[in-house]
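Dropping a structure here in structure tokens format, bear with me for questions.
The values are calculated or read from the model by the stated rules, or taken from the named source; none is laboratory data. Keep in mind it's a predicted model, so treat the numbers as computed, not measured. Backbone-built Cβ (ideal geometry, glycine too); neighbour counts: all protein chains shown. Keep in mind that these areas ignore ligands, DNA and RNA; they rest on the heavy atoms of the full protein, side chains included. Shrake-Rupley method; radii C 1.70, N 1.55, O 1.52, S 1.80 Å.
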Amino acid sequence: MRRPSQLNARSTSGRSLYERIGRTVGVRRLVRRFFDLMDTLPEAAPCRAVFPADLEDSRQKFFEFMNGWLGGPKLYLKRRGAPKLRRRHFLVNIGSAQRDAWLLCFRRAAEETIPDRAALDMLMPQVESIAYYLQNRD
């Protein structure tokens with residue numbers, strides 16, 4: 001099996017998850033809500049602490065990555081090269097507290113912004129797999 005960072009999100013309906021969550025508008029909504037939650041939820045503090053004070057660059061990179069990963073335009077690849085998730089996250093201390101806080105924010109953002117429950121049910125295990133894969137500290 002390939003590493004999660006090499007996989008694109010998959011949908012079994014014949015339509016990409018990118019299409020199912022609302023294309024660019026849906027991805028932008030998801031990413032915006034994710035970062036808003038991470039910036040405001042007290043439970044997200046372990047995750048928020050590893051991000052820079054100004055989240056705009058992180059928001060844009062995540063938006064670009066998610067577009068391509070979900071099956072839409074490969075914006076991240078075109079602008080920044082291959083994602084190389086593990087390598088890009090290695091210098092960041094990601095333990096279980098950071099991973100769990102990140103997942104809490106992503107799960108809430110997805111539940112609030114993705115009306116297609118079946119797409120959400122397909123997406124979350126894949127996101128969780130990547131979050132666990134990127135954990136690099138105990």
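List pairs: first in the range 43-66 and at negative phi, second open to solvent by 50 Å² or more (accessible area, probe 1.4 Å) and aromatic (Phe, Trp, Tyr), Cβ under 8 Å, 6+ apart or cross-chain?
Qualifying pairs under 8 Å: 44/102; 47/102; 58/51.
Which of the residues that make up the range 93-109 are part of a helix (DSSP H, G or I), touching a residue at least 24 places away in the same chain (Cβ under 8 Å) and within 19 Å of residue 59 (Cβ to Cβ)?
98, 101, 102, 103, 104, 105, 106, 108, 109
Inside the range 12-46, can you point out the residues that are hydrophobic (A, V, I, L, M, F, W, C), buried (at least 16 other Cβ atoms within 10 Å of the Cβ) and not in a loop (DSSP other than H, G, I, E, B)? Walk me through it before giving the result.
The initial filter retains those residues of the range 12-46 that are hydrophobic (A, V, I, L, M, F, W, C), namely 17, 21, 25, 27, 30-31, 34-35, 37-38, 41, 44-45.
Subsequent filtering for residues that are buried (at least 16 other Cβ atoms within 10 Å of the Cβ) retains 17, 21, 27, 30-31, 34-35, 37-38, 44.
17, 27, 30, 31, 34, 35, 37, 38, 44 - these are the residues of the range 12-46 that are hydrophobic (A, V, I, L, M, F, W, C), buried (at least 16 other Cβ atoms within 10 Å of the Cβ) and not in a loop (DSSP other than H, G, I, E, B).
Okay, next question. Look through the range 110-138, keep the residues that are part of a loop (DSSP other than H, G, I, E, B) and under 16 Å from residue 86 (Cβ atoms), and return whichever of them is farthest from the chain's Cα centre (by Cα). I'd like the intermediate steps shown before the answer.
Taking the range 110-138 first, the residues part of a loop (DSSP other than H, G, I, E, B) are 114-116, 135-138.
Those left that are additionally under 16 Å from residue 86 (Cβ atoms): 135-137.
On the way: 135: 14, 136: 17, 137: 19 Å.
Ranking the candidates gives 137 first.
Could you tell me whether residue 87 is open to solvent by less than 70 Å² (accessible area, probe 1.4 Å), more than 18 Å from residue 9 (Cα to Cα), assigned to a helix (DSSP H, G or I) and not hydrophobic (A, V, I, L, M, F, W, C)?
Values: open to solvent by less than 70 Å² (accessible area, probe 1.4 Å): no; more than 18 Å from residue 9 (Cα to Cα): yes; assigned to a helix (DSSP H, G or I): yes; not hydrophobic (A, V, I, L, M, F, W, C): yes.
Spelling it out, it is not the case that residue 87 is open to solvent by less than 70 Å² (accessible area, probe 1.4 Å), more than 18 Å from residue 9 (Cα to Cα), assigned to a helix (DSSP H, G or I) and not hydrophobic (A, V, I, L, M, F, W, C).
Answer yes if at least one residue in the range 113-135 is β-branched (Val, Ile, Thr), within 16 Å of residue 9 (Cα to Cα) and touching a Gly at 6+ places or on another chain (Cβ under 8 Å), and no otherwise.
Yes, there is a match, as at least one residue in the range 113-135 is β-branched (Val, Ile, Thr), within 16 Å of residue 9 (Cα to Cα) and touching a Gly at 6+ places or on another chain (Cβ under 8 Å).
Can I ask one more? Going through the range 47-74 one residue at a time, which ones are under 23 Å from residue 95 (Cα atoms) and either exposed (fewer than 14 other Cβ atoms within 10 Å of the Cβ) or of a type in the set (Ser, Thr, Tyr) (or both)?
Matches in the range 47-74: 49, 52, 53, 54, 57, 58.
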